[in-house]
Amino acid sequence: MKMRWWEDCVVYQIYPRSFQDSNGDGIGDLRGILKRLDYLSMLGIDAIWISPIFISPMADYGYDISDYRSIDPIYGTLDDVDLLLKEAHARNIKIIFDMVLNHTSIEHPWFIESRKSKTNDKSEFYIWSDTIPNNWQGAFGGKAWTFDEQRGQYYMHSFLKEQPDLNWRKGEVVDAVFKMLAFWLDRGIDGFRLDVINCIVKDETFRNNPKVVGSRPRPYDMQRHIFDRNRPETHARLRRMRKLLDSYPDKMMVGEIMVENPGEPELASSYLGRDGDELHLAFDFSLTQTPFHAQPWKRNAKRWSEAVGINRVPTWVLNNHDTTRLISRLGGNIAKAKLAALFLLTQRGAIFLYYGEEIGLPNSKVPKSRLEDPLGKRYWPFHPGRDPERGPMIWSTSKGYGFSDGKSWLPFANHADKYAVENQMTDKNSMLSCYRELISLRKGDITLKKGITTYLDTKNTHVMVYIRKYENQERLVLLNFSSRQQTIEESSLSGNWELKYSIQRMVEDSQDSGIFQLQPWQGCIYIKNK
Ligand code: NOJ
C-alpha cells in the first residue's frame with residue numbers, strides 16, 4: 001500500500017527568528033531559510049515546520065497573530081513564501097505552517113471590533129463575561145480573565161492578556177478560521193502544525209477547574225484543566241477540519257496537545273479520532289520529560305506507541321521551542337545524544353527534529369538583560385523562560401557564526417565554534433554525520449519506517465531493546481543507556497543478525513548466539529538474515 005508522506009516523514013522545525021538572517025537585522029527570515037534549503041536537503045528531511053511568521057505584535061513572538069494572511073515584514077513577504085514553496089517542492093521538501101487558532105493577538109481586527117461593544121458584528125468572536133466567572137488561570141501567569149475598559153467586560157485568555165481566546169462555539173468563528181486555512185492550502189502550503197489545539201473549546205457554563213492535591217509553584221499548575229481544555233465538542237471541530245484538509249491532495253495537520261505533566265499519551269492520541277478522522281498526527285511530549293534511562297524510556301515509548309495503536313501514526317519528538325534542549329538535559333554529553341538520535345530515527349511514524357538538534361546545539365545562556373520571552377520575564381530567576389532553547393543556529397566559525405552580520409536577537413550558545421555546521425560536515429564522527437546517516441538509513445528501509453515495534457523486556461535493565469517487523473523483514477535495535485559495557489543475553493534473540501549501523505566502536509559484525517556486547521552508550525541496528 002502506498003504510504004502517505006506524513007506516515008514516515010522526518011520534519012525539521014525552524015524557529016524562524018533563529019535559523020538564518022539574510023538582511024543583517026539579527027533576526028532570521030524567509031530568505032535565510034531559502035538560502036539553507038540545500039543544507040536541509042542534504043540532511044535528508046522531508047518537511048519543514050516553520051513557527052509562526054504571520055503579522056504579529058510579537059508579545060509571544062508570533063504566537064499572537066494579528067493578520068493570518070500576511071507575513072510579518074521582519075520575516076519577509078508573501079512572494080518569499082511562494083518562492084520558498086517552489087524551491088522546497090523542487091527539492092521534495094514540504095512546508096508546514098504553524099497555525100495559532102486558539103487565540104489571536106489583541107491587535108487582530110476581530111478583537112478590535114469585538115471589544116467595541118456587546119452588539120457589534122464580531123461581539124461574540126471572543127469569550128466575554130460581566131464578572132470573573134471562575135478560577136481559570138493564564139498559562140503564563142495571572143488570571144485567565146482581563147477587564148476591558150472599552151467594552152466594560154472581562155475577556156478570557158489561556159495565555160497572555162495580549163492573546164485573547166477565540167470563541168470556537170460560534171459558527172462564524174469556525175467558518176472564518178476555515179476560510180483562512182483554505183487560503184493557505186490554495187497557495188500550496190502542505191499542512192499545519194496546530195498550536196494548543198485541544199484548548200480551542202471551553203466549558204459552556206464556565207465551571208471551575210478542580211484543584212490538584214499537593215503544592216506547585218504556579219497557581220496554573222494547582223488545578224486540573226478539565227473545563228478550559230479538552231472539551232468533548234473539540235472533536236467535531238477537528239473532524240470538520242480534517243474534511244477540509246482531505247478535500248486537497250496530500251495535506252497534513254499535526255496538533256500540539258497541551259497536557260498536564262508528565263504527559264498523557266492516551267489523551268493526545270484521542271485527537272487522532274477513533275476512526276483516524278481527526279488530526280493526522282498529534283504530539284506526545286512524554287520523552288521530553290523522561291529521565292535518560294533505559295526503563296523509563298522504554299515504558300513511555302511503549303505507552304505512547306500503544307495509545308496510538310497500529311492503525312494510526314505516532315509522532316516522536318525530543319526537542320522543540322518550549323523545552324530545554326535534549327543535549328542540555330543530558331549535560332552536553334554527545335554520546336548520549338547520539339543514542340537518543342538512534343532511538344528517534346528507528347521509531348515507526350513521523351519524526352520531528354528541532355533546528356540545531358542535528359549539530360548538538362545546547363541551550364544558550366541568556367542573561368536577564370537579554371530576556372525576550374514573556375515567560376522568562378515574568379518568572380526570572382525561578383524559570384529562565386524559553387529563550388535558552390531558541391538561540392541562533394551556528395553555521396560557521398566566522399563572525400556572527402554564519403547566522404547574521406548584525407547583532408543576533410538572542411545570544412549564541414557558549415563555545416559556539418564547537419558546533420559549526422561547516423566543521424561537522426566534514427567530520428564523519430560528528431553529530432551532524434550521525435543524524436545524516438540515520439536519516440538516510442531510515443529513508444531506504446521500509447521496516448524502520450513502517451514496521452511494527454515490539455519493545456522487549458530483557459534481563460539487563462540498562463539496555464533498551466526492540467524489534468521492528470515489516471512483512472518478513474526484521475530489525476533489532478539495542479541501546480545501551482549506561483556508561484558501562486553491557487551484555488544482552490536472550491535466547492529469544494538468537495538468529496542470524498547482521499550489523500547494519502552502530503554508534504561507538506563495534507566489536508563483532510554479526511551475531512547468531514543471542515549474546516550482544518555493547519560499549520558504553522553504544523547503540524546499534526541489526527538486520528535479520530533469513
Ligand atoms: C504553544 C506554543 O508552542 C508556545 O510557544 C506558545 O507560547 C503557546 N502555545 C501560546 O500560543
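The values are calculated or read from the model by the stated rules, or taken from the named source; none is laboratory data. What you are looking at is a predicted structure, and each value in this text was computed from that prediction instead of being measured. Backbone-built Cβ (ideal geometry, glycine too); neighbour counts: all protein chains shown. Accessible surface is based on the protein model in full, side chains and every heavy atom, while ligands, DNA and RNA are left aside. Shrake-Rupley method; radii C 1.70, N 1.55, O 1.52, S 1.80 Å.
In whole angstrom, how far apart do the alpha carbon centroids of region 1-64 and region 287-337 sit?
22
Amide H neighbours of PHE285 under 5 Å, at least 5 residues apart or on other chains, H built in the peptide plane: list them.
Excluding prolines and chain starts, which carry no amide H, the hits are GLU264.
Check the straight Cα-Cα distances from LYS243 and name the lysines below 21 Å, setting aside those fewer than 8 residues away within the same chain.
Here the lysines satisfying the reach criterion relative to LYS243 are LYS2, LYS94, LYS170, LYS179, LYS251.
With a 1.4 Å probe and all protein chains left in place, how much accessible area per residue does the chain have, in Å²?
40
What whole number of Å gives the distance from the Cα centroid of region 111-132 to the Cα centroid of region 145-196?
13
Once amide H atoms are placed 1.01 Å from N in the peptide plane, what residues at a sequence separation of 5 or more from GLN137, or on another chain, have their amide H within under 5 Å of its amide H?
ALA144
Could you list which residues have their amide H under 5 Å from that of TRP49, counting only those 5 or more apart in sequence or on another chain, with H placed in the peptide plane?
Placed amide hydrogens put TYR12, GLN13, ILE14, ILE96 under 5 Å from TRP49.
If you count only protein heavy atoms and use a 1.4 Å probe, how large is the accessible surface of TYR63, to the nearest 10 Å²?
Spelled out: TYR63, probe radius 1.4 Å, area about 10 Å².
Between ARG4 and LEU83, what is the FRET efficiency for a Förster distance of 22 Å, r being their Cβ-Cβ separation, to the nearest 0.05?
Given R0 = 22 Å and the Cβ-Cβ separation, E is 0.25.
Where a ≥ b ≥ c are the square roots of the eigenvalues of the C-alpha gyration tensor, would you call region 316-410 rounded, which needs a/c under 1.5, or, failing that, prolate if a/b is larger than b/c, or oblate?
Oblate shape, in that a/c is at least 1.5 and b/c is the bigger or equal ratio.
So for each of 117-123, 44-50 I average, over its residues, the number of other beta carbons within 10 Å; can you give me the resulting order with the highest mean first?
Values: 117-123: 13.6, 44-50: 21.9.
Averaged packing, sorted descending, gives the order 44-50, 117-123.
What pairs from LYS143/LYS211; LYS338/LYS399; LYS469/LYS500 go past 18 Å between their alpha carbons?
LYS338/LYS399
Calculated from DSSP H runs of 4 or more alone, at -39500 (n - 2.57) each and per residue, what is the 222 nm mean residue ellipticity of the chain, nearest 500?
The helix-only estimate for the chain comes to -7000 deg cm²/dmol at 222 nm.
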